[in-house]
């Protein structure tokens, strides 16, 4: 079961942090708020074009979710598409009823796991090397997706307005400059350039009736057949992804990137699970896109400067206002969003993936499970536990097994099971080795006692007499 304490002190702390951060560094916060658009825009636009979601409902409800998330948690926690559901919906051309049914099923299970404490137990039994493996695997998956789906199809002689490899390289070089100028509003620059390219593109789709349905705010009534089809196709693949990447990995990443203090307390897995469940159980009935919190989006927004909830409050406000505009101009907005060059969005996704994959470097140096209480050391009153070379090697192996299996099968659940099984097998092998060494030591001790016991005792007595 879950327990809810007094939320007022926490809300006061997050509010103070949000205000202080946006006041002291508004440009990085606003730039960071756009760090996850490389994932959001392509999937959202594709779902609109296949009539699988309502654009107006998606912008209004996800915008409101951004605002509430920023107010409650005080960190740049993203609200991003459920990728597995989106991929299946686009490939199979789901109806809006089938798509929202998939989101409702996942949200219901995540909510049930949250209120019953199952998520907390899963988090408790998951070794940190496995969590790191899921995070690194998710980061590398983003990089592979950016390369194969966004950048690989591009050519050198593509359209001059941005969808070619030349502009992708230019965006990548500008990204490298952020290492020397970390306060550069990179995401703002790239998004602004992308919008300009979309507006001046002669091939930009003109407004039509193809997306007019996206302007409505429907009330969806999925049938039993819709729920069955959604569950057996999209929901089964999304559920482990949401639990592992959007809840467990996101909670761990928040603790690593934004430790408390000085930042507000990182959300627990139960809080994140309840948040994902609540958003979808409300929004999906109105045709909104199924969404979740993701470690990749958090890494991307952190990479480009976001450090508080103020960043996603600003993003949520913009999305909400844009949602109101789509009530009257949805076709034009879809045309502009779909015209943003993939060369620019791909670099954004690539940067987010690299930032997320970087968390694996702390597996043997500053991981959460290596910190032990010591009030005289460390930023949080803890010192780092020292590992032997054998322990370091084993932790690396568990993380790499998780990463390799996740990438090979393109499934977080399979990676999680492989890493956990390897961890348990390694522990069992270590215990067996210790038992063998202990048993061999006892056998040698018994043999020595039987062979030399009487002689040793006699010599001991003779020596004692001589001393006396």
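Exposure proxy shown here: for 410, 439, 307, the number of other Cβ atoms within 10 Å sets the order, fewest to most, as 439, 410, 307.
Spacing of the modelled spin labels on residue 228 and residue 165, each 7 Å from Cα toward Cβ, amounts to 4.9 nm.
Give me the number: length gained by fully extending residue 27 to residue 321, i.e. 0.36 nm times residue separation minus the C-alpha to C-alpha distance, one decimal in nm.
Working it through step by step, the gained length comes to 103.8 nm.
Taking Cα atoms only, the orientation of helix 8-24 departs from the longest principal axis of the chain by about 60 degrees. Compute the label zone of residue 236 within the range 88-128: residues whose backbone N is under 14 Å from the point 7 Å along Cα-to-Cβ. Answer for this model: none. Full extension of the segment from residue 358 to residue 410, taken as 0.36 nm per residue of separation minus the current Cα-Cα distance, would add 16.8 nm.
Return the label of the correct value of volume of the Cα convex hull per residue in Å³, as calculated from the structure shown, out of (1) 146; (2) 136; (3) 205. Among (1) 146; (2) 136; (3) 205, the one calculated here is (3).
Modelled spin-label separation between residue 432 and residue 368, with each label point placed 7 Å from Cα along the Cα-to-Cβ direction: 3.2 nm.
The length gained on full extension between residue 391 and residue 260, counted as 0.36 nm times the residue separation minus their Cα-Cα distance, comes to 44.4 nm. Packing order of peptides 343-351, 93-101, highest average first: 343-351, 93-101 (average count of other Cβ atoms within 10 Å over each peptide's residues). Residue ranges 259-270, 145-156, 28-39, 229-240 sort as 28-39, 229-240, 259-270, 145-156 when ordered by packing (mean number of other C-beta atoms within 10 Å per residue, highest first). Note on residue 281 and residue 112: the model spin-label points, each 7 Å out from Cα along the C-beta direction, lie 1.2 nm apart. Against the main long axis of the alpha-carbon atoms of the chain, helix 186-200 sits at an angle near 30°. Taking every alpha-carbon pair under 8 Å whose residues sit at least 6 apart, the chain reaches a relative contact order of 33 percent.
Only DSSP H runs of four or more residues enter the estimate; each adds -39500 (n - 2.57), and after division by the residues of the chain the mean residue ellipticity at 222 nm equals -22000 deg cm²/dmol.
A short reminder: the numbers here are calculations on the coordinates, not readings from a lab. Model, not experiment: these values are computed from the prediction. Using ideal geometry, Cβ is built from the backbone for each residue, glycine included, and neighbour counts are taken over all protein chains shown.
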